[in-house]
Each structure stands twice: as C-alpha cells, then as structure tokens.
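Contents: one structure, followed by commentary.
The values are calculated or read from the model by the stated rules, or taken from the named source; none is laboratory data. Treat the numbers as computed from the prediction; the structure is a model and nothing was measured. Here Cβ is always computed from backbone atoms with ideal geometry, including for glycine, and neighbour counts include all displayed protein chains. Please note that ligands, DNA and RNA were not included when accessible areas were found on the heavy atoms of the full protein model with its side chains. Shrake-Rupley method; radii C 1.70, N 1.55, O 1.52, S 1.80 Å.
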Amino acid sequence: MPAPLPPSSPSNIKFAYWVPNVSGGLVISNIEQRTDWGLDYNIKLAQIAENSGFDYALSQIRFTAGYGAEFQHEPVSFSQAILHNTKNIKVIAALLPGPWNPAVAAKQIASISQYTNGRIAVNIVSGWFRGEFAAIGEPWLDHDERYRRSEEFIRSLRGIWSDDNFTFRGDFYRFNNYSLKPKPLDPLPEIFQGGSSRAARDMAARVSDWYFTNGNTPEEIKKQVDDIRAKAREHGRSVKIGVNAFGIVRKTEQEARAVVAEIIAKANPEAVHAFGHEVKNAGKASPEGEGNWSTSTFDDLVQYNDGFRTNLIGTPTQIAERIVELKNIGVDLVLLGFLHFQEDVESFGRDVIPLVRELEARGTPHFQAAE
C-alpha cells in the first residue's frame with residue numbers, strides 16, 4: 001500500500017465512499033463485484049480509504065431484502081466497529097426517523113462521539129420505500145410529512161446535544177427538560193440529508209449541515225446548489241453539498257465505458273424495474289411531482305443513486321478535471337460507489353485524488369452562489 005495521503009485542507013473538495021454493509025454492491029447487476037458486505041472486508045476497506053485520501057464513509061440503512069440486496073447490517077453498530085479500527089476517517093451513520101427515536105439516536109451518537117474522538121456523523125433518511133415501512137409495522141406518512149418529521153428529528157438531535165435542559169413541542173416528538181450526559185464532543189456531529197424535492201431542499205436550508213443529491217450533470221447540480229444556498233442564506237445559514245457518483249477509473253476512456261456497458265448489459269431487469277417503480281412513485285407523491293429519480297432512465301437506475309450520470313468514468317485526468325468542475329459549481333464532497341471497493345478505492349486514491357489536489361493547488365475560480 002502506498003504511503004498515506006495527507007489530510008485534506010478545509011478548502012479542498014472532500015471524498016466519501018458508500019460503505020457496502022448491504023449485500024449486492026452498488027449496482028443492480030449480475031456483473032462480478034469483488035465486494036463483500038461483511039465486517040472484516042469493511043474494516044480493511046476503511047483502512048485503505050483513510051490511507052487513500054478519503055474523508056468520510058457512509059453506512060447504509062436497509063431493513064428488508066430487495067433489488068439485489070438480500071442481507072443488511074445495521075448502520076450505527078457497523079459504523080462504530082469501523083471507527084474502532086481506524087484513526088482518521090469519519091463515518092456517517094444513516095438513521096431513519098420512525099424506526100429510530102431521536103432520544104435513542106442522540107444517546108447512541110453521543111457515546112460513539114466520545115469513544116472515537118468525534119469522528120461520527122449522521123445521515124437522516126426520510127424514507128422512500130413504503131414496503132419496508134409496512135414490513136416492520138411502521139406508519140407510512142405522506143411525502144412532505146416525512147420531511148416534517150425528519151426536520152423535527154434533526155431539531156431534537158441538535159437540541160439534545162446542545163442544551164442542558166431540552167424542551168421541545170412538535171407534532172412528532174416531545175421533550176421535557178431532558179438532559180443528556182455525556183454529550184458528543186465539540187464540534188457537534190455533522191448532520192447530512194438527501195432528497196431533491198422542494199420539501200427536502202427547504203429542510204436542508206433550515207436545519208442540515210450537508211445536503212446529498214443524486215448524480216447528475218454539472219448544469220443540473222448547479223441549479224440545486226444555487227437554490228439551496230439561496231434558501232439557506234434566508235435563514236442565516238450555510239449548507240454544504242455532496243454529490244453521488246460511481247467511479248470507474250481506467251487507462252483509457254474506452255475501457256471505462258466498456259465497464260459501464262457491461263454493468264448495464266448484465267443488469268437484473270426485474271429488480272431494476274421494481275426499484276424504479278418504487279422510487280419514482282415516491283417522487284410523484286411530492287406536491288410538485290418530482291424527486292431524486294424523476295428523470296432517471298433504466299440505465300441510470302442500474303446504479304441506485306444515478307451515479308453514472310455524474311460521469312466520473314474515464315482516465316484519471318478526465319475524472320480529476322470533472323471533479324474540479326464540480327467543485328467550481330459549489331460541490332463540497334463527492335460520494336463514490338465502486339465495483340470492486342477495496343481495489344477501486346485504493347486506485348482512486350493513488351491515481352485520481354493527487355491529480356485533484358494538484359489542480360486545486362493551481363487555483364480554481366471561487367464559487368459564487370446565484371443571488
């Protein structure tokens with residue numbers, strides 16, 4: 001393994017990877033994936049990632065099998081195991097309001113923060129899979145109600161972590177002079193969320209530290225960046241932006257494109273169509289009839305979060321240049337999926353991240369959000 005890359009500076013774009021704590025990898029395809037969902041594999045992967053210049057790892061939340069994912073490890077305990085076997089990388093644990101109560105989540109995350117020198121963060125998932133909620137006996141709320149609950153969940157987390165006697169009166173959660181000790185270390189755990197609907201973006205502007213969006217073209221991503229940043233300014237806040245991508249690095253662009261073609265050719269059509277039906281219905285349930293996957297094609301849906309659309313597919317130089325282009329439109333973090341995680345994370349750190357850092361050091365235009 002090469003010598004570890006130095007930590008990124010505050011002005012550098014950040015890199016995260018999807019933790020494969022769910023079986024089936026990150027594509028709905030029968031192509032070979034030298035990726036394993038077990039703990040031993042993931043501990044080694046996290047160690048490779050932090051030595052390869054990655055800043056974050058994101059543990060996934062799934063409760064039921066489906067779309068090629070037969071097995072799922074619980075994300076909070078899985079994140080803690082990864083953290084106890086690494087030194088620098090931060091791990092983002094996904095939490096799903098409904099199954100999780102904010103008091104329990106706040107206590108879990110505060111304790112893990114104490115154990116790991118503050119290297120834990122959370123991703124609040126409002127939920128798109130109705131069948132999953134039905135399977136575990138949880139009520140299914142209307143689209144915007146799910147985001148209202150998530151906002152109360154975030155306000156509760158932050159209040160419990162910040163206040164000595166936290167009182168809150170919401171429609172979903174209530175607290176009466178609640179004091180949590182010990183609290184998480186300062187700074188408080190970062191709060192991430194995703195979604196593309198109006199409700200999701202407005203919630204991010206009001207309460208979240210980070211906003212994740214599905215993969216897309218720079219032009220479409222910039223529209224979301226400008227919208228969220230403008231909304232956040234109205235609340236006297238700032239929100240950082242993370243973008244999903246699937247990384248395929250090869251010596252030539254032709255080789256990289258051939259890998260994409262093979263992934264799609266070996267896709268499981270039944271599973272892709274079932275996934276597409278579920279997520280598009282979730283988006284149509286929003287008042288504006290849109291969501292993360294509203295314009296996704298079959299080929300896009302083969303990668304769960306439209307990662308092919310971000311186009312980090314090609315040679316190291318091509319990919320590095322595209323990442324800096326994302327930074328120039330206001331993206332703060334790239335969240336990556338790979339086919340063969342251990343090998344691909346290591347090669348990405350060796351071949352791509354140093355090129356990105358070189359381009360950043362030369363100077364890139366400072367991003368200005370649209371007024």
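Ordering LYS181, LYS222 by accessible surface, largest first, gives LYS181, LYS222; the 1.4 Å probe counts only protein heavy atoms, with every chain in place. For the set GLU321, GLU50, the ranking by accessible area, highest first and with no ligand, DNA or RNA atoms included, is GLU321, GLU50 under a 1.4 Å probe.
Once Rg and the Kirkwood radius are both taken over the C-alpha atoms of the stretch 1-115, their ratio Rg/Rh works out to 0.98. The stretch between LYS107 and HIS235, if pulled fully straight at 0.36 nm per residue, gains 43.3 nm over its current Cα-Cα span. To the nearest 10 square angstrom, what accessible area does ARG322 show with a 1.4 Å probe? For ARG322, solvent-accessible area is about 50 Å². Applying 1/(1 + (r/R0)^6) with r as the Cβ-Cβ distance of ARG206 and TYR41 and R0 = 30 angstrom yields a FRET efficiency of 0.20.
Here the relative contact order of the chain, from alpha carbon pairs under 8 Å that lie six or more residues apart, stands at 20 percent. Per residue, the convex hull spanned by the Cα atoms of the stretch 207-251 measures out at 76 cubic angstrom. Direction-averaged projected area, Cα convex hull, the chain: 17.3 nm², rounded to one decimal.
Using a Förster radius of 35 Å, what is the FRET efficiency between ALA274 and LYS251 based on their Cβ-Cβ separation? Nearest 0.05, please. With R0 = 35 Å, the Cβ-Cβ based efficiency is 0.45. Averaging the sequence gap over all C-alpha pairs within less than 8 Å and six or more residues apart, then dividing by the number of residues, gives the stretch 150-225 a relative contact order of 23 percent. HIS143 contributes about 10 Å² of solvent-accessible surface, heavy atoms of the protein only, 1.4 Å probe.
The accessible area of TYR67, taken with all protein chains in place and a 1.4 Å probe, comes to roughly 30 Å². Over the residues of the chain, the helix contribution to mean residue ellipticity at 222 nm works out to -13000 deg cm²/dmol, using -39500 (n - 2.57) for each DSSP H run of at least 4.
Taken over the stretch 8-47, the alpha-carbon convex hull comes to 95 cubic angstrom per residue.
Could you check how much of the accessible area of the chain is carbon and sulfur, as a whole percent, using a 1.4 Å probe? Ligands and nucleic acids excluded, carbon and sulfur give 49 percent.
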